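Peer 1: Sharing a structure here in structure tokens format.
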């Protein structure tokens, strides 16, 4: 992949900061409260709408809340916007490519798609558990929580980064210039 078309980290950081401030005020106006940017409630909104398909789920107070509050509806569209924006940016910069098995995974673990999806599923469960434990997703905790100097979000964000580094070291034991002969 051609990395020369990627945005510089500083430019992206400035744009994310501006988005963070803008969404704070937009959510405050639409949801009638100061509400930070995030997408967790968007998944809750989807669950609330699908709750009619599963007996008892729509009566769950947490799921019910996501179906009734405007912030969950707003975050649903934020989720859609993230997907559409990522796709649009990749197409606009000509960096879009379908990838079931990332090159680094294939190099160290082969092309077994089932194994890859099992690892992704297990990792997703841990990520979901961590999100629930920390009171929100990584996006909300890091982008908004850090901007508001929330101690809980700072601890959660540091934990996310540390866990990611440790996990990468465990999964890619052979990774590194000393062991890379290709």
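Bear in mind these aren't lab numbers, they're just calculated from the coordinates by the rules spelled out. Everything quoted here is computed from the prediction, not taken from an experiment. Cβ atoms come from the backbone with ideal geometry, glycine included; neighbour counts cover every protein chain shown.
Peer 1: Region 1-97: Rg/Rh from Cα coordinates, Kirkwood Rh?
Peer 2: Numbers: Rg = 16.9 Å, Rh = 15.3 Å.
Rounded to two decimals, Rg over Rh is 1.10.
Peer 1: A further question follows. What is region 69-172's relative contact order, in percent, from Cα pairs under 8 angstrom and six or more apart in sequence? Kindly include the intermediate steps, with their values, before the conclusion.
Peer 2: Values: 28 pairs, mean separation 14.2, N = 104.
Normalised by residue count, the contact order of region 69-172 is 14 percent.
Peer 1: Assuming 0.36 nm per residue, please report the length gained on full extension of the stretch residue 114 to residue 64 beyond their Cα-Cα distance.
Peer 2: 14.5 nm
Peer 1: Using the per-residue mean of other Cβ atoms lying within 10 Å as a proxy for protection, in what order, highest first, do the peptides 74-87, 99-112 fall?
Peer 2: Top of the packing list down: 74-87, 99-112.
Peer 1: If the chain between residue 106 and residue 55 were fully stretched, how many nm would it gain, using 0.36 nm times the residue separation less the Cα-Cα distance?
Peer 2: 14.2 nm
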